[in-house]
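Below is one structure, written out as structure tokens; comments come after it.
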Amino acid sequence: LPWVVLWGIVLLSSIGVALANYCILWASYFINHARHRAFQAVIDIAGPAAGMAESVVVFVTLGGAAAFLVAFAAPVCAGGGLPELKSFLNGGPTEGAFSIRAFIIRMVSLVLATTAGFPIGREGPTITMAGNIGYGVVHLLAVPHLRRWIDMDASAEGFLPAMIVDEERLALAKRGGCTIGGAAGMAVIFNAPIGGLLYMVEEVSIASWTSEMTLRAIMCTVMTCLSTQALLNMCGDDIRQFVVWEDERANVRLWHWGDIPVIVVVASVLGALSTVYIKALLCVFSLRMRWAASRVGFRGCYPRAARALEVALYAAVCGLVSFVVAFAARCQKKQDWGISEGVEMLCAEGEFNPIATLLFKPPEDGIKSLYSRENSARMCLMDLALVLVAYSTLNIGMMGLAVPMGSFIPFMFVGAVAGRLVGHLIAMLSLSFALAAPGFYALVGSAALLAGSLRQTLSVVVFLTESINQLEAIPPLMLAVFVSHMISQCISKHGLDEHLILRKQLPYLDVELPVSLDSARVTAADLCGRLPIVAQLPPRATLGAVRRALAGCEDLAFFPVVEGRVCVGLVTRRRLEAALDCRVRAMEELSGRALGATDASNAEAMNAAGLSPARAPVQRQWPPAVPDDDDGGMDPESYISRVFHTDSLALTELDARRPDDCLLPVHR
């Protein structure tokens, strides 16, 4: 592609991702703000029971609306979308995941789902939407440069033009646009351009990453973050309001050498527990999929309505559980935590409920409080334990529901709560040597759980380092990521996304050869399936052969071109369809001219014989069928003489070689 097109893709993709993220941020902010104000007002006026009822009604309404859109308008939008995205980047089909309809439904339902109190994140759907933007921009700008007219007439006498698109280059360009868009989407969530780039490098795998892609991805992530910052500054806000950011006490040492053994232990435990977490998520996903496939009762009669109703009921469960757990918390002062807003519930003015704040507010706000080092002695162990159990349990139950959801931020939140809990337990020991603050252990917990669950390494370290704005945290974070990744790898080979790819049976080819194939004496021929003879086309195929190949192999995207017993190349289905359509249209036009000439001569002969034209024994086949035989299938003269015939009158022959009888206009 020309360099103007390549950098135009980068520019338009970055602007599109920034605008989409800006709309999601503000829509979520206003809905959450209005929901919290209404919740607190109902509690102040009518008491906690009315507040709980109001909260459940709001959760059910928002969650049910999100599920209704997904179930009835775009079922492909359910889940995070990352398994489908990875399958596409690996060479799999799109299956409608990158349509305009899917993009709009995913954006609207994501806002509704994240404001409905579900324990989910927005990073997975955001990355998928950003990839959708890059995919669409490439299709808009690259298609005019990748299509061309070719001559389908093998003879030197005529010209039969057909429009052909270079599908291989277009697919490669679309995957590149999807990659840089996904990197921009992940970067804008955390305002971390380098982290977004490394995230997509690990997702795509370095084997499929080109050097040209690196420069374009860097520019796209940087321009997206700058565009988002500019949009927020225009409204008088800052990006730090919407991302995880903690830069307090920058002059205080972040960690000590005495923390290293504790970091290793925490990372080992969370690495092992991450595999248990994944097993629980996959178990719920499988159960929900089997239940959906059972088609019994109401689900069998109204499957889409049943999926939406299931989400609404689970939204009510999330609201009830969060409200009940929040009653066990002790009120604390806002100034002690360094926050200006919090869920008060039954607390006095100037105080807030810490459990309700962690469960009802967006998870990004909760992560900020957990990472903070200013409130080291303020959090209660019981509060943290209740939040850990409630949030992780509800997050596990979300798997497989018909709403967009991300897993990166929930893992980040659960790891932060677990690490903070360990930090408080260590602080209670009153050891003689200095140790890090509990907020730092929350950071280590997030890194360990993310590395064990999603099998991300460098991107996790960079994201968390940019989140706290402390380069000093890189060595201990890398140590925690390494230990957790190794422990989880020993227990389970794949992360969550890879397991979902297997459960959903998505096409995906791993970079490394499986051990079962590497150790066995297997050749490439053993992996090839047998194609029917009709799918094997000669270098010069007839219309009948092409039509039989397309009709007999509907699920085949590529057809081998065989000369003798040697495959000399491949041809795509779309090229064959374009060639067939072009030839058939030409024959219909040629046949139409022959039919007109025949009607005129027949009318004159019948008038001379005194016959009525209405009673003439003329038989015609219209529209003409494509000939099946291989002899003369490409010859328009013999084709016309076979298709059109009369019982008593001679057929007027058409000379296709005359200039005024050209099949199609000759325009190059």
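From the set of residues in region 472-502 that are part of a helix (DSSP H, G or I) and without any contact (Cβ under 8 Å) to a residue 24 or more places away in the chain, which is surrounded by the most Cβ atoms within 10 Å (Cβ to Cβ)?
Residues of region 472-502 part of a helix (DSSP H, G or I): 472-491, 496-502.
Right, trim to without any contact (Cβ under 8 Å) to a residue 24 or more places away in the chain and you get 474-475, 478, 490, 502.
Details: 474: 13, 475: 13, 478: 17, 490: 11, 502: 12.
Among residues in region 472-502 that are part of a helix (DSSP H, G or I) and without any contact (Cβ under 8 Å) to a residue 24 or more places away in the chain, the one surrounded by the most Cβ atoms within 10 Å (Cβ to Cβ) is 478.
Looking at region 102-126 only, could you name the residues that are farther than 25 Å from residue 195 by Cβ and part of a loop (DSSP other than H, G, I, E, B)?
Of region 102-126, the ones farther than 25 Å from residue 195 by Cβ are 102, 104-105, 108-109, 112, 115-117.
115, 116, 117, listed by residue number.
Which residue pairs have Cβ atoms closer than 8 Å, lie 6 or more positions apart in sequence or on different chains, and pair a first residue in region 415-433 that is over 17 Å from residue 277 (Cβ atoms) and open to solvent by 30 Å² or more (accessible area, probe 1.4 Å) with a second residue that is aromatic (Phe, Trp, Tyr) and at pLDDT 90 or above?
none
Among (1) under 26 Å from the mean Cα position of the chain (by Cα); (2) in a helix (DSSP H, G or I); (3) crowded, with 22+ Cβ neighbours inside 10 Å, there is one condition residue 445 misses while meeting the rest; what is its number?
(1)
Starting from region 548-566, take each residue that is touching a residue at least 24 places away in the same chain (Cβ under 8 Å) and list its partners that are among the charged types (D, E, K, R) and not in a loop (DSSP other than H, G, I, E, B), counting only C-beta distances under 8 angstrom and pairs at least six apart or across chains.
Going by the 8 Å Cβ cut-off, the qualifying pairs are 550/573; 550/577; 556/573; 559/573.
Criterion first (in contact with a Phe, Trp or Tyr (Cβ under 8 Å, 6 or more places away or on another chain) and either exposed (fewer than 15 other Cβ atoms within 10 Å of the Cβ) or among the small types (Gly, Ala, Ser) (or both)) does residue 16 satisfy it?
Details: in contact with a Phe, Trp or Tyr (Cβ under 8 Å, 6 or more places away or on another chain): no; either exposed (fewer than 15 other Cβ atoms within 10 Å of the Cβ) or among the small types (Gly, Ala, Ser) (or both): yes.
Criteria not met by residue 16.
Can you tell me which residues in region 366-386 are modelled with pLDDT of 75 or more, open to solvent by 20 Å² or more (accessible area, probe 1.4 Å) and farther than 15 Å from residue 445 by Cα?
Result: 380, 381, 382, 386.
Might you let me know whether region 237-259 holds any residue that is open to solvent by 70 Å² or more (accessible area, probe 1.4 Å), modelled with pLDDT of 80 or more and over 30 Å from residue 20 (Cα atoms)?
Checked region 237-259: at least one residue is open to solvent by 70 Å² or more (accessible area, probe 1.4 Å), modelled with pLDDT of 80 or more and over 30 Å from residue 20 (Cα atoms).
Check 392, 467, 407, 453 and return the single one that is of a type in the set (Ser, Thr, Tyr) and over 30 Å from residue 288 (Cα atoms).
Details: 392 fails: over 30 Å from residue 288 (Cα atoms); 407 fails: over 30 Å from residue 288 (Cα atoms); 453 fails: over 30 Å from residue 288 (Cα atoms).
Being of a type in the set (Ser, Thr, Tyr) and over 30 Å from residue 288 (Cα atoms) holds for just one of 392, 467, 407, 453, which is 467.
Hey, among the residues in region 39-61 that are open to solvent by 30 Å² or more (accessible area, probe 1.4 Å) and either under 26 Å from residue 78 (Cα atoms) or within 34 Å of the chain's Cα centre (by Cα) (or both), which one's modelled with the lowest pLDDT?
Among those residues, the one meeting the criterion is 54.
Among the residues of region 85-130, which ones are farther than 21 Å from residue 508 by Cβ, polar (S, T, N, Q) and surrounded by fewer than 22 Cβ atoms within 10 Å (Cβ to Cβ)?
99
The values are calculated or read from the model by the stated rules, or taken from the named source; none is laboratory data. Remember, it's a predicted structure, so these values are computed and weren't measured experimentally. Every residue, glycine among them, receives a Cβ derived from its backbone with ideal geometry; neighbour counts consider all protein chains shown. Quick note on the areas: whole protein, heavy atoms, side chains included, nothing else; ligands and nucleic acids left out. Shrake-Rupley method; radii C 1.70, N 1.55, O 1.52, S 1.80 Å.
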